[in-house]
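The values are calculated or read from the model by the stated rules, or taken from the named source; none is laboratory data. This one's a predicted model, so the numbers in the text were calculated from it and none came from an experiment. Don't worry about glycine lacking a Cβ; one is built from the backbone with ideal geometry, like all the others, and counts go over all protein chains shown. Note: areas computed on protein heavy atoms with side chains; ligands, DNA, RNA excluded. Shrake-Rupley method; radii C 1.70, N 1.55, O 1.52, S 1.80 Å.
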Amino acid sequence: IGNIFDIYCSIIHVKQGVVCILVFLQWATLRIERGAKEKNHLLYKPYSNAIIAKEPTSLEEEIKEIRRSGSNKDLDSATEFELSDIFYFARRGVESIMDDEVTKRFTAEELKSWNLLTRSNYNFHYISLRLTVLWGLGLLIRYGFLLPLRVTLAFTGVGLLVFLTSVVGLLPNGRMKNFLSEKVHLMCYRICVRALTAIITYHDSENKPKNGGICVANHTSPIDVIILASDGCYAMVGQIHGGLMGVIQRSMVKACPHIWFERSEVKDRHLVAKRLSDHVEDKSKLPILIFPEGTCINNTSVMMFKKGSFEIGATVYPVAIKYDPRFGDAFWNSSKFGMVNYLLRMMSSWAIVCSVWYLPPMSREEGEDAVQFANRVKAAIARQGGLVDLLWDGGLKRAKVKDTFKEEQQKLYSKMLVDLYQHMATVGAALETCS
């Protein structure tokens, strides 16, 4: 079976094809930009991913600047609320509306160059007959040749995974069962990777997760699982599903000790922590694969890591995943596309190109709590993957901002007034002593 899929890869010359596609897309973009300039068409959205220049100043410094520009009063005597202070909060509110650094992480990143996929940019207009013919040719190749082949491979990979894991699950526990389970999982996941024409570059393989540890990675798409599992075996963690996904889960757990939870158990943090802790204490079991963000982010940033997997005390193996959106955007916008629709979009893209970095293992330091440990691991992943490190919770995709965030700004403002008042009192006492 492996030889068959190697032949498939050699037929389409995947890596050479990616280079040819890249050159072709660069030419198409230059042609489009030249045509748009000649016809005075708006090529890109003016505020698609705009960044407002913000000086790294504190609340106190900005309010002092506003007071200085709008009043001749002595700034040091301004220890009470002034009407001009409202302008600071109003400006910050407008900036958040125009350049919200959170919600734009839940939509696909708009490309600066067109990849001949209409889904990636809706602002390109008809430029020339030659370019339209090339786009149509690409459409024919992607939907007429690549898509049927990829769908066939996907069904083959999933079917073999269900069948072979069920067969391996009949064997008694032991080395032979573990060996066959590992080979079956790797083979099936690699077939599924071929179904996406995924070109993956793995870096620093000496840091790959080991048994008894926890592998944590940034989360962009459901295919993150097969991207990592095609290079090593992991114990998966997740909620039990019905339908086809439930069939796959039940067959997988027969061959390998994956950790599945009932819907009622997911919210029981103590039960989840105990199941994870019991797993990592057995050094013969596979490392656990967890995505601590809890939701898919568009691969431009890393958002807050949930602390649960960092409270266990096991060795953490960070992994950074970075996709190249020029060939196909791997981000799953679950609020807009269902799973089947999303997978069809992936299989009708040119390719899925990504890099995976295995970072050195990290352990919780003395005096460090779970939140600080999670933030340290997150910062390392963001730095290696070239991603923006954000403190916001990914749960804001579906939930409103908590009142605690609003109260934090109120506390900062009140603290500024109190500090100014205490400073004035100290200065006044000193002057009185001198006199």
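Things worth noting here:
- Solvent exposure ordering (accessible area, 1.4 Å, most first) of E366, E311: E366, E311
- In terms of accessible area, using a 1.4 Å probe and ignoring ligands and nucleic acids, E408, E206 rank largest first as E206, E408.
- Selected from Q249, L289, H219, residue furthest toward positive end of dipole (region 214-305; charges at beta carbon): Q249
- Counting only Cβ charges, +1 for Lys and Arg and -1 for Asp and Glu, the dipole size of region 207-317 around its Cα centre is about 120 debye.
- Measuring against 27 Å, Cα to Cα, the residue pairs K254/K306; K177/K283; K254/K307; K283/K307; K285/K307 contain K254/K306; K254/K307 as the ones spanning a longer distance.
- Distant-in-sequence amide H partners of I297 (H built 1.01 Å from N, under 5 Å): H219, T220
- Scoring 213-224, 328-339 by mean Cβ neighbours within 10 Å over their residues and listing the highest first yields 213-224, 328-339.
- When +1 charges are put on Lys and Arg Cβ atoms and -1 charges on Asp and Glu Cβ atoms, the dipole computed for region 255-327 relative to its Cα centre reaches about 140 debye.
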